[in-house]
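For reference, the structure is listed below as structure tokens.
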Amino acid sequence: MPAVIRKQTKYSPLQSFRAWSERILIEAAQLELHAKYPGTGPQPLRRGRVRSAIRIMFTTGFRVTPRPLRNWIMHRLLVRKGQDWDPA
């Protein structure tokens, strides 16, 4: 009998923060690549001023954090999603 997802489980606050922070870092990387190699692809979407300010602060904090501490934090944020199906 195949597993059927009845409804999506809600993310925990930690999972939500991780998904949000990954999105911020991906957007920052896309903007850097577009600045480094202009004309090779479409320009990334521009977000609002608040989101841009948060991205700048978050990426700066990410780069300034020492690598061992950053690795420890990322290890702690590695949260796996629970099963959505009943194994019975």
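Would you mind stating whether Ser16 is without any contact (Cβ under 8 Å) to a residue 24 or more places away in the chain, in a helix (DSSP H, G or I), out of contact with any strand residue (DSSP E or B) (no Cβ under 8 Å at 6 or more places or on another chain) and on the phi < 0 side of the Ramachandran plot? When the stated conditions are applied, Ser16 passes them. If the condition is being modelled with pLDDT under 80, exposed (fewer than 10 other Cβ atoms within 10 Å of the Cβ) and of a type outside the set (D, E, K, R), then the range 4-28 contributes Val4, Ile5, Gln8. Scanning the range 60-85 for residues that are modelled with pLDDT of 85 or more and either β-branched (Val, Ile, Thr) or in contact with a Lys or Arg (Cβ under 6 Å, 6 or more places away or on another chain) (or both) turns up Thr60, Val64, Thr65.
Contact map, the range 53-74: residues that are free of Cβ contacts under 8 Å to residues at least 24 places away in the same chain paired with residues that are surrounded by 10 or more Cβ atoms within 10 Å (Cβ to Cβ) and among the hydrophobic types (A, V, I, L, M, F, W, C), Cβ distance under 9 Å, separation 6+ or inter-chain. Pairs shown: Ile56/Ala28; Thr65/Ile73; Arg70/Phe62. If the condition is being surrounded by 14 or more Cβ atoms within 10 Å (Cβ to Cβ) and free of Cβ contacts under 8 Å to residues at least 12 places away in the same chain, then the range 29-51 contributes only His34.
The values are calculated or read from the model by the stated rules, or taken from the named source; none is laboratory data. Nothing here was measured: the structure is a model prediction, and the numbers come from that model. Neighbour counts are summed over all protein chains in view; Cβ atoms, including those assigned to glycine, are modelled from backbone coordinates with ideal geometry.
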